[in-house]
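This report concerns only the one structure given below.
Quick note: the coordinates plus some simple rules give every number you see, no bench work behind them. Quantities reported herein were computed from a predicted structural model and do not represent experimental measurements. We place every Cβ from the backbone using ideal geometry, glycine too, and count neighbours over all the protein chains shown.
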Amino acid sequence: MTKRNIIIVGVLLVALIAAGALVALAMSGDEPSGPLVYSAGDDGRSIEVKVGESFTVVLEGNPTTGYSWQVEGVDEAILSVGEPDYKSDSDLVGSGGTFTFTFTALSAGESQVRLGYSRPWESVAPLQSFTLNVTAR
């Protein structure tokens, strides 16, 4: 190979790498790359989802105390609510775990998702609360 051919191949390789980097950068955008999962640190946050898209809220709790996370408010014309799921962190009696709620955007609009950590038989304010302000587009 001549020196000229080596330079041409080098320039083509650099151009190819630069083009690949630009494509990767353009594809990354601000869109989330995985499932939308929110936790206690996201309380009060405003989010946007696409119609048909699902998101999950995962909160720590301990049902052995009588407390559990429950949906206190959501516009069911905009968001559907799946059955809550609880998974213990341990096989030990009395240990806590996580409650998982899955919501799916049914139509465009705004809905506040309100969850409360309470004992269902008590008529008092929840011990804890969690809120997401959701805009479905």
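Which of the residues that make up the range 99-118 are touching a residue at least 40 places away in the same chain (Cβ under 8 Å) and surrounded by fewer than 15 Cβ atoms within 10 Å (Cβ to Cβ)? Lay out the reasoning, then the answer.
Quick first cut of the range 99-118, residues touching a residue at least 40 places away in the same chain (Cβ under 8 Å) only: 99-108, 113-118.
Answer for the range 99-118, where residues must be touching a residue at least 40 places away in the same chain (Cβ under 8 Å) and surrounded by fewer than 15 Cβ atoms within 10 Å (Cβ to Cβ): 107, 108.
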For this session: Select, from 96, 66, the only residue that is free of Cβ contacts under 8 Å to residues at least 40 places away in the same chain and out of contact with any Leu (no Cβ under 6 Å at 6 or more places or on another chain).
Result: 96
For this session: Please work out which residue is surrounded by the fewest Cβ atoms within 10 Å (Cβ to Cβ), limiting yourself to the range 61-83 and to residues that are under 19 Å from the mean Cα position of the chain (by Cα) and within 14 Å of residue 98 (Cβ to Cβ).
Result: 61
Problem set entry | Search result, residues across the range 39-58 that are free of Cβ contacts under 8 Å to residues at least 24 places away in the same chain and not in a loop (DSSP other than H, G, I, E, B) | 41
Exercise. Of (1) assigned to a strand (DSSP E or B); (2) free of Cβ contacts under 8 Å to residues at least 60 places away in the same chain, residue 131 satisfies all except one. Which?
Worked result: (2)
